[in-house]
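The values are calculated or read from the model by the stated rules, or taken from the named source; none is laboratory data. Keep in mind that this is a model prediction, so the values were computed, not measured. With ideal geometry, Cβ positions are generated from the backbone for all residues, glycine too; neighbour counts draw on all protein chains shown.
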Amino acid sequence: MSDRYMPISPDTGTLLYTMIRAARPEVVVEFGTSYGISGLYIAAALRDNGIGHLYTTELSSKKVTAATRNFEQAGVADVVTILPGDARETLASVTESIGIVLLDGWKEMYLPVLALIEPNLRSGATIVADNTTRADVAPYLDYVRDPGNGYMSMSMGARGHDAVEISCRL
């Protein structure tokens, strides 16, 4: 999949930008950098806020190189750290309190990635999961939709695109 271009929709990008501007998180985590399109929305919001840092993960070295170039060309590389490699290993290095998360990597990894970072989610943290109509996202959805797990969650359709799940850590 290292050659596959898999960006978020413009609606989801605008949603992320707006959420980050409003919440002013100090730390944002993204699972699934790809070519850095979603990261550009996130980094632009952090830059416009004058506060915050994005930690983003990517398994493909080709995509890491392309995303790095995109962040540099957009002038936001200083607010972004790309963590190359398996997110189950690289995200362990993020120990700060996390305010917003974007899940947009391998869909079957949403729940394991959430479990890894969950201890660092601040109260009120927001998790945005993309492409949630896919069957391999079901275990994640079951988890965040179960009130006993400490989330309030809802699905939102992006016009003409796959749905996103927005969850708040209570």
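Summed over segment 92-104, residues that are surrounded by fewer than 21 Cβ atoms within 10 Å (Cβ to Cβ) and over 15 Å from Arg122 (Cα atoms) total 2. Using the structure shown, decide if Tyr110 is touching a residue at least 24 places away in the same chain (Cβ under 8 Å), in contact with a Phe, Trp or Tyr (Cβ under 7 Å, 6 or more places away or on another chain) and either surrounded by 21 or more Cβ atoms within 10 Å (Cβ to Cβ) or of a type outside the set (A, V, I, L, M, F, W, C) (or both). For Tyr110, the condition - touching a residue at least 24 places away in the same chain (Cβ under 8 Å), in contact with a Phe, Trp or Tyr (Cβ under 7 Å, 6 or more places away or on another chain) and either surrounded by 21 or more Cβ atoms within 10 Å (Cβ to Cβ) or of a type outside the set (A, V, I, L, M, F, W, C) (or both) - is met.
Of the residues examined, Arg134 is not one that is farther than 18 Å from Val29 by Cβ and modelled with pLDDT of 95 or more.
Scanning segment 26-40 for residues that are in a helix (DSSP H, G or I), surrounded by fewer than 24 Cβ atoms within 10 Å (Cβ to Cβ) and modelled with pLDDT of 95 or more gives a single hit, Leu40. Scanning segment 45-64 for residues that are over 23 Å from Val113 (Cα atoms), surrounded by fewer than 24 Cβ atoms within 10 Å (Cβ to Cβ) and either touching a helix residue (DSSP H, G or I) at 6+ places or on another chain (Cβ under 6 Å) or not acidic (Asp, Glu) (or both) returns Arg47, Asn49, Gly50, Ile51. Every condition in (1) touching a Lys or Arg at 6+ places or on another chain (Cβ under 7 Å); (2) closer than 17 Å to Asp104 by Cα; (3) of a type outside the set (Lys, Arg); (4) assigned to a strand (DSSP E or B) is met by Leu116 except one, and the failing one is (4). Out of curiosity, is Val164 aliphatic (A, V, I, L, M), modelled with pLDDT of 95 or more and within 30 Å of Thr65 (Cα to Cα)? It is false that Val164 is aliphatic (A, V, I, L, M), modelled with pLDDT of 95 or more and within 30 Å of Thr65 (Cα to Cα).
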